[in-house]
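First the structure, in the form of structure tokens, and then the observations on it.
The values are calculated or read from the model by the stated rules, or taken from the named source; none is laboratory data. A quick note: this is a predicted structure, and the numbers were derived from the prediction, not measured. Counting neighbours? That spans all protein chains shown, and the Cβs are built from the backbone with ideal geometry, glycine included. For the accessible areas, the whole protein counts, side chains as well, though only heavy atoms, and no ligand, DNA or RNA atoms are used. Shrake-Rupley method; radii C 1.70, N 1.55, O 1.52, S 1.80 Å.
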Amino acid sequence: MSTAGFNSQNGTGTGQAYANGPSQNPVALQQLPGVSYGMTHQPAYNPMQPKATTSPAPGLYPSGPYQPVPPVNSYQPGPQLSSYPSSPGQPLLSRPLMGGPPPHTPPQSASPSPGPRLPPAQATPPPPAVSTTSYYPSPQQPMAPAWQYNTATPPMGPATSMSTHPRGPVANHMNPAASLAAPPPPSSAAYRSAPTPHSTTQLSGPGIPPTSMHGYTQPGTAPPPMNLMAPQTYQPSRPAYGPPPTGPPPAMKPTPPPTGPPMANATPPPKTDGAVAGNGPEASNSYNHVDNKMAGLTQPGPPGRHLGHYPSLPPGYQNTSASHTTPPMHPAMQAATQPFTQAPQPYQQLPGGPGAAQLSPSLAAMSLQSSTPEALRAVNLLQERNLLPPTPVPAPTPCLPQDLQKINCNPEVFRCTLTSIPQTQSLLNKAKMPLGLLLHPFKDLSVAIEQLPVVTSSTIVRCRSCRTYINPFVSFLDQRRWKCNLCYRVNDVPEEFMYNPVSRSYGEPHKRPEVQNATIEFIAPSEYMLRPPQPAVYLFVLDVSHNAVETGYLNVFCQSLLDNINALPGDSRTKIGFITFDSTIHFYNLQEGLSQPQMLIVSDIEDIFLPTPDSLLVNLNECKELVQDLLKSLPNLFQKTMETQSALGSALQAAFKLLSPTGGRMSVFQTQLPNLGVGALQSREDPNQRASAKDIQHLSPATDFYKKLALDCSGQQVAVDLFLLSAQYCDLASLGCISRFSAGSVYYYPSYHHQHNPAQVERFQKDLKRYITRKIGFEAVMRIRCTKGMSIHTFHGNFFVRSTDLLSLPNVNPDAGFAVQMSIEENLDDMQVVSFQAALLYTSSKGERRIRVHTLCLPVVNSLSDIFAGADVQAITGLLACMAVDRSVTASLSDARDAMTNAAIDSLTSYRQSVLTIQQPGLLAPACLRLFPLYILALLKQKAFRTGTSTRLDDRVSAMYQLKYQPLTYSMLMIHPALYRVDDLSDEGALNVNERTIPQPKVLQLSVEKLSREGAFLMDAGIVMYLWIGRNCHPNFLTQVLGVPNYAAVPENLYLLPELDTAESQRTRALIGWLRDQRPFFPSLHIIRDESQLKPHFMQNMIEDRTESALSYYEFLLHLQQQISK
């Protein structure tokens, strides 16, 4: 099979290699030379792996309709010693039901051969074997853990020298002249050797220090060598966990808790010299060479780690500003943002020196354990039944001095899985929790946080060494010097920065808005542009085959664009164009002066060309009437078409040619499997296998055509958004690549039909309005920097990785989330805090070049108890979900499921062995992780990962895309929905929003035992809501809210609540409307009765209950306990 997916051409003919996220090219199983990923399936054959269990005998588990099993679902609190009660007639479980024995892989070599390196053209490495499902292999075979979420992965394969040259327009952030030189360190971050496109990469030997072409290093000097700490592998003295069980639950003997000493760390391997620590090669640490024009020549920074001659701590700014009032928001967002304000903070200068520019000395002696005892309180999960808080879970607050915490970045925007960073990688390995960041960098900030500060300045102050933007966590040594909080270099304060435009005072640089706000936006000067900012360009590519016309989507699209065309973001330069396609490609000449739009048909789809290149993309303001005429006539134009074929690939190629000169946004609407010309696909789904217990096939793309085209699009600043509206299988796993690698979005509307599915039509209308009118950034790049000693090794989201830490985002939208995995390369012994900075450089729809900067500061700790106390259970769950999606595609679904289960086992084992001072019986978790097993079980039952339940392949792939792309706040609702009782809503504890009263009912556990036939319950599952009406629901609710006299009169397919003039109706509609307003997409509402066809979908979200193919929460806890007690 072709391996062109690795060497697809991004605007060149030279075969530039690409490194995009953890999964390079699932079609061609080949590792990119010099690049490895955090969640790879390394060959790790374990001779001690336990044999697979037998399949369950027929009749052991109930099948057919949903049947709750009371003895299993009920908890049995009470004193527990070393044995645990079992339900009558129900033996204790030792392993959860997973649906069949996993396939065994033959033994393979555990590590790459150390032989001579061959060029990739001469030798293609064989596909790696599927790993065991444990993070930590047996002690007899020391190697990196299977998931590698704590360590950087060593590069595999040969290092190659590659050269590319720009073709077409040069983007604002590309650097055609730069020459990078960096040796690939043996065990450094995963993306160390990914070259920057449009630059020449020369790989020198391991003893040669990297040289900079950007003017950072004085002539004749080389950067001081840093010691790189090789990743340490923690090796427990027990075999790897086997796969969770698939058979009937065997009886389990009581097991006393372990009494031995905690496991010792493995001896760290020797350090490796000759590699530069931090964010990769020095020369690549800027957006482009224009970033560095202000830098000039610099002296070498302080050598190594010796920073004793000046303070190394960030500043503490005394903040006494009054709190600002913001509109009420979703409880999850409200809780997350409460401790954070973005108001300018006054600065108190203590007599006799810099004083407040350093941290409080008490931070060094501060123990998290003493300040947050609740987070470490031991909770016996088998005894405490009601763990779910009545309100949404807030983000934990980092244990920082109050003045620093007040100005820290809002967790809605920037969040870390561990709010206390371990000092060493070995300590992180011992905690067995993933370290990573979750970002929502382009979030709409006008509502959730205080107004975004925007700074216009001809001088943007940045560190002359690492190019970090000045931020609240730098140190001012005096009025004229500041020290970078990422690389510790001392920089001069520019003269212009001495003036504060807010207070109109001079001589107080520490009061500038850049030093008072963790989130800020700069209007960039001309130094940040290599070409004039591009105009806003929108191209719509529409399926007009018979199938598409049948769905009725074309009428909705045309009407929505007509209604919102004046709200399309842009200025006087905005351009717009349209392409339609079936078995041929149709272009539309909208040139000014025509009396009506002119349709041009190209039937040669094998060699596509543009008939009139200059009149297909037109200025929207000058040609608005022609555009409106076209939108009014399009639905009728194809009303009687009998054309059933779809040449999507050729239409995409035509659209790419049209947008290449400028860049822009391509919006593609598709309703069927493309079956003609390039990119044609065949159905790969077998409906009979949907509920199979075996591994799910065809999660990876069938062709690399869409990925290669996406990478070409990315090189020309084109992003592709895909709207898939279909009742049939469309192979989203293949089509989705066009959006995934071009920084676009995927919108999926299964069973879309304008008559048969009105709820989907309403959702499509609302999503389309948001999509057309929301803010957009063009030709963007994002770089994430971190304090020296830490490194990034895997990215998650929709983008293309241009170099080690630079993401290419042809479009950036306010609804996109990203995640990164991190490792600790050097000990952080001499640091009390570390910082992370995300900088997003983009062109606004008004043609302004802007930079949005977010900075997060977190404390460094040296004890496991402090690490656990700062664990963010939702962020950990969100990052694990991203990792599991990649594992499902690169290895197998069962592998991903086992790894998620082992994530819970590992972290609770570490807590029990290393943090608990008094060993107690039961399944113990710290209070901050008490929901972790519940969230892991929710992931196992989520549409993306579930087995044993009939799930359409496109539905599964769509769920996986959502988990990777949605910001954490929204993806958590898809993982663990919120359940409310709504037939007894009251104004007690209600919010007041814009003179509306919003009731605040309690969040209920997702179990049938919380339902009542006398009530009505609302389930919010993120992209869908269910209102379940009990059979004996109070007549008052039925008449006052639904407008029906009795239960039997509730319509079958009701998706709208009638607007009744009653208090009950107003409260219910206010709650649902307010929940919908908290997210950028529109969740459809389904009102269901006991007999409804959608009731099984509602019941599948009852995560704590047992189904015929999945364990109840209590059974899952018993399995975890049995594994931990081994």
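Where residues in region 1097-1121 are under 30 Å from LEU1038 (Cα atoms) and touching a Ser or Thr at 6+ places or on another chain (Cβ under 9 Å), which of them is surrounded by the fewest Cβ atoms within 10 Å (Cβ to Cβ)? Taking the candidates together, the pick is MET1099. In region 380-405, the qualifying residues are those that are open to solvent by less than 30 Å² (accessible area, probe 1.4 Å) and among the polar types (S, T, N, Q), and the one that is farthest from LEU924 (Cα to Cα) is GLN405. Filtered by the rule that a residue be among the small types (Gly, Ala, Ser) and open to solvent by 20 Å² or more (accessible area, probe 1.4 Å), region 911-943 gives a lone residue, SER914. Taken over region 518-554, residues that are of a type in the set (Ser, Thr, Tyr), modelled with pLDDT of 95 or more and in contact with a Lys or Arg (Cβ under 7 Å, 6 or more places away or on another chain) amount to 1. The set of residues in region 814-861 that are open to solvent by 10 Å² or more (accessible area, probe 1.4 Å) and among the polar types (S, T, N, Q) comprises ASN827, GLN832, SER844, SER845. Flag set for GLY1043, criterion: surrounded by fewer than 16 Cβ atoms within 10 Å (Cβ to Cβ) and over 31 Å from the mean Cα position of the chain (by Cα).
Of all the residues in region 712-733, those that are among the aliphatic types (A, V, I, L, M), surrounded by fewer than 24 Cβ atoms within 10 Å (Cβ to Cβ) and closer than 14 Å to MET666 by Cβ number 0. Of all residues in region 576-614, those that are part of a strand (DSSP E or B), open to solvent by 60 Å² or more (accessible area, probe 1.4 Å) and farther than 19 Å from THR644 by Cβ total 2. Residues in region 429-436: is at least one at pLDDT below 95 and open to solvent by 20 Å² or more (accessible area, probe 1.4 Å)? Looking for residues that are at pLDDT below 95 and open to solvent by 20 Å² or more (accessible area, probe 1.4 Å), one finds none in region 429-436, hence no.
For region 1051-1071, the tally of residues that are closer than 18 Å to ASP1090 by Cα and buried (at least 18 other Cβ atoms within 10 Å of the Cβ) stands at 2. Note on region 523-574: residues that are of a type in the set (Ser, Thr, Tyr), part of a loop (DSSP other than H, G, I, E, B) and within 17 Å of TYR752 (Cβ to Cβ) amount to 1. Screening SER1012 against (1) open to solvent by less than 60 Å² (accessible area, probe 1.4 Å); (2) under 30 Å from ASP767 (Cβ atoms) leaves a single unmet condition, (2). Residues in region 913-926 include at least one that is assigned to a helix (DSSP H, G or I), over 20 Å from the mean Cα position of the chain (by Cα) and among the polar types (S, T, N, Q). Restricting the search to region 1031-1070, which residues are touching a residue at least 40 places away in the same chain (Cβ under 8 Å) and either among the hydroxyl-bearing types (Ser, Thr, Tyr) or within 18 Å of PRO1096 (Cα to Cα) (or both)? Within region 1031-1070, ARG1031, TYR1047, GLU1052, ASN1053, TYR1055, THR1068 meet the criteria. When LEU879, LEU908 are checked against the criterion of being buried (at least 23 other Cβ atoms within 10 Å of the Cβ), closer than 30 Å to PHE1081 by Cα and among the hydrophobic types (A, V, I, L, M, F, W, C), LEU879 stands alone in meeting it.
Residues of region 559-575 that are surrounded by fewer than 20 Cβ atoms within 10 Å (Cβ to Cβ) and among the hydrophobic types (A, V, I, L, M, F, W, C): LEU562, ILE565, ALA567, LEU568.
When restricted to residues that are closer than 18 Å to GLU1064 by Cα and either open to solvent by less than 30 Å² (accessible area, probe 1.4 Å) or in contact with a His (Cβ under 9 Å, 6 or more places away or on another chain) (or both), region 973-989 contains 5.
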